[in-house]
């Protein structure tokens, strides 16, 4: 089970949030990124509402597979592996 400490800074007036993650030692996309690259930007997130599944499917069709899925109280995330091409992963979220 992934244990992840995180802090969220939101700016609703500008429509963005910054998340700071600190993964535990268990295997995860966050731990892998930290081990390989050190501190840095793991992903850029996009809130796409009900289109999440369609967006994830389209990205998979373009060669960007799902790395992992996660749920937290009130939401979820889907991390898509785009790191090799974009330098970061994509986080496709149905809601903020």
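Every number here is computed from the coordinates shown, using simple stated rules; none is lab data. Note that the structure is a prediction, hence the values are computed from the model and not measured. No Cβ is skipped: glycine too gets one built from the backbone with ideal geometry, and neighbour counts run over all protein chains shown.
For the reader, a short list of remarks on this structure follows.
- Rg in Å to one decimal, and Dmax rounded to a whole Å, for the stretch 52-96 via C-alpha atoms: 10.4, 31
- Contact order relative to length of the stretch 4-93, as percent, for alpha carbon pairs under 8 angstrom and 6 or more apart: 23 percent
- Two-decimal Rg to Rh for the stretch 4-93 - Kirkwood Rh, Cα set: 0.95
- Footprinting exposure proxy for 57, 81 (fewest neighbouring C-beta atoms within 10 Å first): 57, 81
- Cα centroid of the stretch 64-92 to Cα centroid of the stretch 1-38, whole Å: 11 Å
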